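Chemist: This structure is in structure tokens; I'll ask about it shortly.
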Amino acid sequence: MKAVAVTPKQANTVRLVEMDKPKVSDIPNGRGVLVEVLRVGACGTDREINNGEYGIAPEGFDFLVLGHENLGRVVETGENVKEFQKGDFVVASVRRPGHSIYDLIGEQDMTTDDDYFERGISRLHGYMAEFYVESADWLVKIPPAILEIAVLLEPLSIIEKGISQAFEIQERMKIWRPKTAAVFGTGTVGLLTSLAFRLRGFEVHAFGKDKREGYFNADLLEEIGATYDSTMEISVADSVKKYGEYDAIFECTGYSPIAFQAMEALNQNGVLILSSVTGGDRKTEVPADKINQQFVLGNRLMFGTVNANREHFEMGVKDLALSEAMYQGWLKKMLTHKVEGLENFGKVFDILNNAAANKAIKVYFEVNKI
Ligand SMILES: [Zn+2]
């Protein structure tokens with residue numbers, strides 16, 4: 001079968017490789033599920049891996065099959081798989097257990113191991129292939145009504161984790177009734193985050209770098225009742241004068257200095273969720289006394305979040321369905337670029353590398369027709 005792979009840590013090595021088709025028996029204890037890949041999303045992570053910034057090949061291979069945002073159809077199941085049947089639609093999660101206690105109880109998203117096992121990213125092949133095989137434990141069933149948008153489930157799962165953990169941590173108070181949220185970053189993750197907050201009834205203010213005029217993502221935000229402002233035109237501090245302090249803030253810009261500005265924009269008892277992976281060594285000057293005092297005197301909270309476990313994928317399925325009920329057709333507008341066939345990987349990476357010029361939100365492969 002065909003797959004799209006890179007040589008990790010070398011720039012621009014993305015190519016088509018030929019591999020053996022996986023078998024249900026590759027997974028122990030009769031728990032294997034063979035899945036025909038229908039769609040695979042591509043994102044900044046795939047771009048950065050192809051840039052040679054990170055990525056690790058599985059043991060015994062000198063290449064890594066890319067792809068972590070997936071949707072597929074079950075074609076065969078092992079004898080101990082009762083929860084899936086041939087023809088079911090599924091999305092697979094990304095991280096597999098390592099060795100820490102969190103990994104052993106199915107919370108590998110909270111691992112304390114330094115080495116990750118992530119499909120399409122680190123030590124495990126990904127989903128940019130015609131088929132994959134996986135244990136039923138790591139698959140989530142997709143209702144037919146949301147198939148068209150289900151390739152967005154994996155990125156949404158990251159947000160589901162962040163927001164649900166914010167609510168869990170906020171049980172430190174007897175009552176927390178947040179009203180406003182700010183979202184820093186308006187790419188795929190920012191749009192999905194704004195949606196997730198809107199589905200929970202928040203007043204949402206989203207901030208990106210682009211000018212408002214002609215910015216399609218801002219049109220989308222306004223369609224679901226969120227505001228959009230460009231941080232080139234209004235500072236985070238001035239946005240607080242306009243909208244008030246935010247009860248919840250989700251940071252997903254990839255630009256670390258904004259995290260410190262966000263700290264100053266948080267309401268009393270509010271929560272700041274950090275999700276940007278910033279691999280550089282950028283430095284910034286901050287009003288340390290002021291921020292520290294605000295956090296202490298206002299019982300403010302900040303935490304980081306990465307990856308997602310099964311439960312967050314399941315929450316995401318519900319939010320995809322709720323989104324269709326509340327804002328029908330909105331998520332489909334995020335699927336801006338469909339590329340048919342794995343052999344057209346060059347096109348996918350061209351679009352990824354020039355996302356702004358292409359006005360791309362989500363680019364994805366259609367490997368097989370739904
Ligand atoms: Zn991704």
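Chemist: Only residues that are part of a loop (DSSP other than H, G, I, E, B) and buried (at least 17 other Cβ atoms within 10 Å of the Cβ): list them for the stretch 19-50, please.
Modeler: Scanning the stretch 19-50 gives P22, I27, R31, C43.
Chemist: Let me ask something else. Would you mind stating whether I158 is within 16 Å of the ligand (Cβ to nearest atom), in a helix (DSSP H, G or I), closer than 24 Å to F260 by Cβ and not charged (D, E, K, R)?
Modeler: The answer is yes for I158.
Chemist: Another question, then. Name the helices (runs of 4 or more DSSP H) wholly within the stretch 262-368 that hold at least 3 residues that are more than 22 Å from the chain's Cα centre (by Cα) and surrounded by 13 or more Cβ atoms within 10 Å (Cβ to Cβ)?
Modeler: Per the criteria, 288-297.
Chemist: Among the listed residues K333, K347, K362, identify the single one that is in contact with a Gly (Cβ under 8 Å, 6 or more places away or on another chain) and of a type outside the set (D, E). Reasoning before the result, please.
Modeler: Values: K333 fails: in contact with a Gly (Cβ under 8 Å, 6 or more places away or on another chain); K347 fails: in contact with a Gly (Cβ under 8 Å, 6 or more places away or on another chain).
K362 is the lone residue from the list that is in contact with a Gly (Cβ under 8 Å, 6 or more places away or on another chain) and of a type outside the set (D, E).
To keep it simple, each residue is scored yes or no on (1) under 20 Å from S194 (Cβ atoms); (2) at pLDDT below 95; (3) touching a Lys or Arg at 6+ places or on another chain (Cβ under 6 Å); (4) hydrophobic (A, V, I, L, M, F, W, C).
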| position | (1), (2), (3), (4) |
| --- | --- |
| R212 | yes, no, no, no |
| I234 | yes, no, no, yes |
| N267 | yes, no, no, no |
| L297 | no, no, no, yes |
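Chemist: Continuing with the same structure: Step by step: first the residues of the stretch 17-47, then only those that are basic (K, R) and within 30 Å of N353 (Cβ to Cβ), then the one that is farthest from the ligand (Cβ to nearest atom). Which residue is that?
Modeler: For the stretch 17-47, the residue satisfying everything is R39.
Chemist: In this structure, is E53 assigned to a loop (DSSP other than H, G, I, E, B) and either buried (at least 16 other Cβ atoms within 10 Å of the Cβ) or at pLDDT below 95 (or both)? Break it down stepwise before answering.
Modeler: Numbers: assigned to a loop (DSSP other than H, G, I, E, B): yes; either buried (at least 16 other Cβ atoms within 10 Å of the Cβ) or at pLDDT below 95 (or both): yes.
Yes.
Chemist: Could you tell me which residue of the stretch 67-122 is surrounded by the most Cβ atoms within 10 Å (Cβ to Cβ), considering only residues that are within 16 Å of the ligand (Cβ to nearest atom) and either hydrophobic (A, V, I, L, M, F, W, C) or outside the structural domain of K362 (by TED's automatic domain parsing) (or both)?
Modeler: L71
The values are calculated or read from the model by the stated rules, or taken from the named source; none is laboratory data. Just so you know, these numbers come straight off a predicted model, no measurement behind them. Cβ coordinates were reconstructed from backbone atoms using ideal geometry, including for glycine residues, and neighbour counts include every protein chain displayed.
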